[in-house]
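Asker: Quick one: the structure is below, and I'll ask about it shortly.
The values are calculated or read from the model by the stated rules, or taken from the named source; none is laboratory data. On a predicted model such as this, the values are computed, not experimentally measured, just so you know. Cβ sites come from the backbone with ideal geometry, for glycine too, and all protein chains shown count toward neighbours. With ligands, DNA and RNA removed, areas are computed over all heavy atoms of the protein, side chains included. Shrake-Rupley method; radii C 1.70, N 1.55, O 1.52, S 1.80 Å.
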Amino acid sequence: MGITIPLSEFNRNPSKATRHARIGVVTITDRGLPAFELRSVAPPSMRSEALIRAGVLVPPLKRSTEPLPDFGVDPTVARAIVAEAERDKAARDY
């Protein structure tokens, strides 16, 4: 997620640009052409907090202490499914 703002707006209100940079990349244009990028160097966990503050994410209402539901899947089948998903993820180089 990122936004583009003109250099004149960045000069008028740099704090707005830094708020957006906590969420994603801000591209600053000069005479309509991309000139600069502003991005956060904060770790991703802090970005999720920024997204919550910006209203993009909604935190959970409460933490669940309930155990996860048992859908009756054999544990060996579940492990095979997870292993296949991890192989697919590694193959896509995520």
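Asker: Please go through the range 47-59 and give me each residue that is open to solvent by 80 Å² or more (accessible area, probe 1.4 Å) and either touching a strand residue (DSSP E or B) at 6+ places or on another chain (Cβ under 6 Å) or at pLDDT 75 or above (or both), ordered by number.
Answerer: Restricting attention to the range 47-59, the residues satisfying the condition of being open to solvent by 80 Å² or more (accessible area, probe 1.4 Å) are 47, 49, 53, 58.
Within the range 47-59, Glu49, Arg53, Val58 qualify.
Asker: Okay, moving on. If I filter the range 60-89 down to residues being hydrophobic (A, V, I, L, M, F, W, C) and assigned to a loop (DSSP other than H, G, I, E, B), which single residue comes out as surrounded by the most Cβ atoms within 10 Å (Cβ to Cβ)?
Answerer: Within the range 60-89, the first condition is being hydrophobic (A, V, I, L, M, F, W, C), and the residues that meet it are 61, 68, 71, 73, 77-78, 80-83, 85.
Next, from what is left, pick out any that are assigned to a loop (DSSP other than H, G, I, E, B): 61, 68, 71, 73.
On the way: Leu61: 6, Leu68: 6, Phe71: 6, Val73: 10.
Among those that are hydrophobic (A, V, I, L, M, F, W, C) and assigned to a loop (DSSP other than H, G, I, E, B), it is Val73.
Asker: Is it fair to say Ile23 is of a type in the set (Val, Ile, Thr), surrounded by 13 or more Cβ atoms within 10 Å (Cβ to Cβ), in a loop (DSSP other than H, G, I, E, B) and free of Cβ contacts under 8 Å to residues at least 60 places away in the same chain?
Answerer: It is true that Ile23 is of a type in the set (Val, Ile, Thr), surrounded by 13 or more Cβ atoms within 10 Å (Cβ to Cβ), in a loop (DSSP other than H, G, I, E, B) and free of Cβ contacts under 8 Å to residues at least 60 places away in the same chain.
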